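What follows is a short report on a single structure.
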């Protein structure tokens, strides 16, 4: 049996009960609230979803809203394996729970490298990304490419799963989103302390202010904030003292949002 079998069961339950869809809908509402004051024209945008992932809920939400949306990811390659079939079912569950039309919109999914975007200069109105930047091993290159393809006056809106939050090591079993409990025999913030648990996915380990500084090198920062928190009940005074190299905001922020504009 796969070591992730229990995780898959938890994830499926969260899809079926609608909690996953609810979280994605909330993020979409945050994004719409943030970008609306800066939109011009009829609001129908040319959007790039950077590292859209196999489930691509935000891509689906934006397409259903009538935008021209492109998704780029190395996973955007047609496959016929049982894993791909499982993701097809998961995507169907997402769209059903979100109340959106079914369909993958494969004609605007690009299999490509986020560090070498196959789009012309100044050709897109909005670049988005959700829970992907923490996995990029060359963040400066991805930000530079985003700057190149976004038109003057265009926006970027990214949500980053911060490495410094309790689930930032991406190596804990699913217990809810945001994380509310730590599995037995696991110390909170292990990935910042003893590192007894191995990492299972690439992580750049960047901190909040590193991301902010990198985006500020290219874009004008309009807004940045923590959208979702976790672990506040786990952060005892003793732990906070041990992790004094990080402030409380970093240690409890699971979804850090940056909204920025490419100046004309």
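Observations, loosely collected:
- Any hit, segment 46-63, residues being modelled with pLDDT of 85 or more, part of a helix (DSSP H, G or I) and surrounded by fewer than 16 Cβ atoms within 10 Å (Cβ to Cβ): no
- Hits in segment 225-240 (condition: surrounded by 15 or more Cβ atoms within 10 Å (Cβ to Cβ) and without any contact (Cβ under 8 Å) to a residue 40 or more places away in the chain): 226
- The set of residues from segment 137-159 being touching a helix residue (DSSP H, G or I) at 6+ places or on another chain (Cβ under 7 Å) and buried (at least 21 other Cβ atoms within 10 Å of the Cβ) comprises 143, 155, 156, 157, 158, 159.
- Some residue of segment 204-215 being under 12 Å from residue 164 (Cα atoms) and without any contact (Cβ under 8 Å) to a residue 12 or more places away in the chain: yes
- Some residue of segment 204-214 being surrounded by 16 or more Cβ atoms within 10 Å (Cβ to Cβ) and either more than 20 Å from the chain's Cα centre (by Cα) or modelled with pLDDT under 95 (or both): no
- Checking residue 99 against (1) out of contact with any strand residue (DSSP E or B) (no Cβ under 9 Å at 6 or more places or on another chain); (2) more than 22 Å from residue 211 (Cα to Cα); (3) at pLDDT 95 or above, the condition it does not meet: (3)
- Any hit, segment 200-220, residues being in contact with a helix residue (DSSP H, G or I) (Cβ under 8 Å, 6 or more places away or on another chain) and on the phi > 0 side of the Ramachandran plot: no
- Every listed requirement among (1) crowded, with 19+ Cβ neighbours inside 10 Å; (2) modelled with pLDDT under 90 is met by residue 83 save one, (1).
- Residues that are modelled with pLDDT under 95 and touching a strand residue (DSSP E or B) at 6+ places or on another chain (Cβ under 6 Å) occur in segment 174-193; there is at least one.
- Every pair of residues 6+ apart whose Cβ atoms lie under 7 Å, when the first sits in segment 125-146 and is touching a residue at least 24 places away in the same chain (Cβ under 8 Å) while the second is surrounded by fewer than 20 Cβ atoms within 10 Å (Cβ to Cβ) and assigned to a helix (DSSP H, G or I): 133/139; 139/214; 140/214; 143/214; 143/218; 144/218
- Test set (1) modelled with pLDDT under 95; (2) more than 30 Å from residue 240 (Cβ to Cβ); (3) touching a helix residue (DSSP H, G or I) at 6+ places or on another chain (Cβ under 6 Å); (4) part of a loop (DSSP other than H, G, I, E, B) - residue 119 fails condition number: (1)
- Unmet requirement for residue 72, which otherwise passes all of (1) crowded, with 21+ Cβ neighbours inside 10 Å; (2) out of contact with any helix residue (DSSP H, G or I) (no Cβ under 8 Å at 6 or more places or on another chain); (3) in a helix (DSSP H, G or I): (3)
The values are calculated or read from the model by the stated rules, or taken from the named source; none is laboratory data. None of the values given here were measured: they were computed from a predicted structure. Backbone-built Cβ (ideal geometry, glycine too); neighbour counts: all protein chains shown.
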